[in-house]
Amino acid sequence: MQLTQKSANRFVDALVGIGFTALEADVYGMLARGGASTGYRVARLLGKPAANTYKAIESLHAKGAVLVDDSKARVVRAVPPRELMRLVGRELDARKKRVSDALADLPQPEADRRIYELGSRAQVFERVRTMLAGARRIALLDVGPGPLAELAADLVKAAGRGVTVALRTEAAPSSRLPGVEVVVIPARGTAASEPWPGDWLTVVVDGTEHALAVFTADGELHQGVWSNSAFLAWVFHSGLACEIIVDLAVQAARSGASKPALVGALDRLAELAPADAPGRRQLLAAISKKRS
């Protein structure tokens, strides 16, 4: 099967991304499409030097990507792609474990007051997932529909551990989020006819750390920051808790709720911004230490 140049480039880039060289990717692709062959024939079809092609085949053999017969001709056959992916997956898992074991011996970084810029969409979501996985008491979010869909499973996991998870968003999530309180708010914008062109993301965990990000209409990161300053985190936490409470109170009032129901909605502030939240305790302890 003949690939277009775009498909061929994507194929090579994908294999290079899992540790193949460009020539190894070309050789594997040739064998996977054309069936078993000799190294000499593969070199001719690719227009590559035979010596380099033989080295690529040896490397592919060591990686388990090809099979080589024991005849004089040394016929080479590609391992089926699904089998290769299972092999690569196990090797990547083994590498991750070795790295994880090595990093486990490093000391944990201390909290500081700095604000750090996040460089990519992937880094934003990995940081937020780490925050949610480490949440002990409460996580508050102000999040657009796209980021909400991406973080849905992590939010449910946090709620399943007993963490209070509450968020405000512009559209109801496409699937249920058991244990997560979702408050749907009107679309953002300076006017109803001029909504923001991208998604927002504000996450505060335990009042100890927060992440902020805004994305363009096509989902690319415009800017993102993170900090584990307890002072800044508690400011954002308190503000976001108040916004959620006001949203609930407004919705209750518009639905004709009784006065006790409205008071009950406002009283929930103590639940969303508890006096014994880890970040608040951390901030008070730091201030008291300096005074003494």
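Among the residues that make up region 167-183, is at least one of them farther than 29 Å from residue 276 by Cβ, among the hydroxyl-bearing types (Ser, Thr, Tyr) and touching a strand residue (DSSP E or B) at 6+ places or on another chain (Cβ under 6 Å)? No, the conditions are met nowhere in region 167-183.
State all residues of region 121-168 that are within 21 Å of residue 207 (Cβ to Cβ) and among the polar types (S, T, N, Q); if no residue qualifies, say none. Across region 121-168, the qualifying residues are 130, 164.
Residues in region 272-292 that are over 18 Å from residue 233 (Cβ atoms) and among the acidic types (Asp, Glu): 0 in all.
Suppose the filter is out of contact with any Leu (no Cβ under 6 Å at 6 or more places or on another chain), assigned by TED's automatic domain parsing to the domain that holds residue 181 and modelled with pLDDT under 80; does residue 266 pass it?
Details: out of contact with any Leu (no Cβ under 6 Å at 6 or more places or on another chain): yes; assigned by TED's automatic domain parsing to the domain that holds residue 181: yes; modelled with pLDDT under 80: yes.
Yes, satisfied.
Filter region 245-290 down to residues that are of a type in the set (Gly, Ala, Ser), exposed (fewer than 13 other Cβ atoms within 10 Å of the Cβ) and part of a loop (DSSP other than H, G, I, E, B), then give me how many there are. The total comes to 4. Residue-level analysis places residue 232 among those that are hydrophobic (A, V, I, L, M, F, W, C), assigned to a helix (DSSP H, G or I) and under 28 Å from residue 118 (Cβ atoms).
The residues on offer are 71, 37, and the sole one that is of a type in the set (S, T, N, Q), over 24 Å from residue 93 (Cα atoms) and free of Cβ contacts under 8 Å to residues at least 12 places away in the same chain is 71. Name the single residue that is nearest to the chain's Cα centre (by Cα) among those in region 217-260 being within 17 Å of residue 121 (Cα to Cα) and acidic (Asp, Glu). Ranking the candidates gives 220 first.
The values are calculated or read from the model by the stated rules, or taken from the named source; none is laboratory data. Treat the numbers as computed from the prediction; the structure is a model and nothing was measured. FYI the Cβ positions are ideal-geometry reconstructions off the backbone, even for glycines, and counts take in every protein chain you see.
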